[in-house]
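> The structure is given below, and queries will be raised subsequently.
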Amino acid sequence: YANNILIMDPADSACYSGSGSTVNNVSPNHNAGGTMTDMTIGGSGDGKYFLNGSGDPRIDYGSASTYWQYVSNNTINTMAYCGWVYATTEFDDPGGENSGMIWFLNDGDWGPSGQFGFTYGRSVSHPRAPQVHAGNTNRHTALGNLIPDWTYTNKWCFYATWHKMSGGMVICQGLQSDTNLTTIYSSSTESSSTFSAANRPWMMAARPDNYSEHTPQGYRWGKQAFWGNLSSGGSGNGLTSSFSNSVPMFEAIFDATKSHYA
């Protein structure tokens, strides 16, 4: 488990089974498998996407008793996540559907004090954003109100975060039409810890302990990627090892994939 990777690519049929409204399984690369609930396939070719349905859409990636325990139980030191999302509402306005949140990949040990993952948005209960939960609720206070004042409705946006629990955090985002990503938070010392609070599946697009709190209906999910590194020093994988390498890594992925969402 030194360098695990999860890739969810709707354009790659190896990542899911079924089609159209019958999509029912997700099988990402390397030590992970998942179940898709109330999502459908839209688009075509490289521009395919998973579409949030009208019920409780989510993708469950397996319990903490499998590979994921190494991520959720404070064993993996470094995480890197990035992916494309198409918003159909201004999610950064308080009080939107399902609290106006985008639920990216989140730890099934949700507490939220024990969460390890990435959540983004404003709401009445969580007015500061983006929220990168990587250990405890102090992250809300530390990160503050960072969402750029952009127009997000009906646009593809790329989101990315890198975090080393022993110290270091980066958050980037960019619209499909942008030349480069915008780094909205960067700290070489931001640290955190997590723990095993529950044995729920890891989840994308919904809150792990409350499926009804999910990314709004109609949102689209494009290519997604997640890496975890077990090493206490975070070495051995160029994708997760270095604070200074995180932004160039995300820029390269952004540049290589943004043409799919024109």
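> On the basis of being at pLDDT 75 or above, among the polar types (S, T, N, Q) and farther than 20 Å from residue 251 by Cβ, does residue 106 make the cut?
yes
> Among what's in the stretch 24-35 and is more than 12 Å from residue 10 (Cα to Cα) and either outside any loop (DSSP other than H, G, I, E, B) or among the hydrophobic types (A, V, I, L, M, F, W, C) (or both), pick the residue that is modelled with the lowest pLDDT.
Top of the filtered list is 32.
> Still on this structure, please answer the following. Quick test of your reading of the structure: residue 249 fulfils all but one of (1) open to solvent by 60 Å² or more (accessible area, probe 1.4 Å); (2) modelled with pLDDT of 65 or more; (3) over 30 Å from residue 53 (Cβ atoms). Name the failing condition by number.
Residue 249 satisfies every listed condition except (1).
> Another question, if that's okay. Residue under question is residue 75, and the condition is that it be surrounded by fewer than 17 Cβ atoms within 10 Å (Cβ to Cβ) and modelled with pLDDT under 60; does it hold?
It is true that residue 75 is surrounded by fewer than 17 Cβ atoms within 10 Å (Cβ to Cβ) and modelled with pLDDT under 60.
> Here is a list of conditions, (1) modelled with pLDDT of 80 or more; (2) surrounded by fewer than 24 Cβ atoms within 10 Å (Cβ to Cβ); (3) out of contact with any Gly (no Cβ under 8 Å at 6 or more places or on another chain), and residue 111 meets all of them except one; can you say which number that is?
(1)
> Give the stretch 149-185 a look and list any residue that's modelled with pLDDT under 85 and either among the aliphatic types (A, V, I, L, M) or more than 19 Å from residue 249 (Cα to Cα) (or both), or say none.
149, 165, 166
> Residues in the stretch 4-23 that are part of a strand (DSSP E or B) and in contact with a Pro (Cβ under 9 Å, 6 or more places away or on another chain): how many?
Matching residues across the stretch 4-23 total 5.
> Another one. Go through the stretch 209-226 and report how many residues are within 18 Å of residue 21 (Cβ to Cβ) and free of Cβ contacts under 8 Å to residues at least 60 places away in the same chain.
Final tally of qualifying residues: 0.
The values are calculated or read from the model by the stated rules, or taken from the named source; none is laboratory data. Predicted model, so just to flag it, every value in this text is computed and none were measured. Using ideal geometry, Cβ is built from the backbone for each residue, glycine included, and neighbour counts are taken over all protein chains shown. Just the protein is used for accessible areas: all its heavy atoms, side chains included, with ligands, DNA and RNA removed. Shrake-Rupley method; radii C 1.70, N 1.55, O 1.52, S 1.80 Å.
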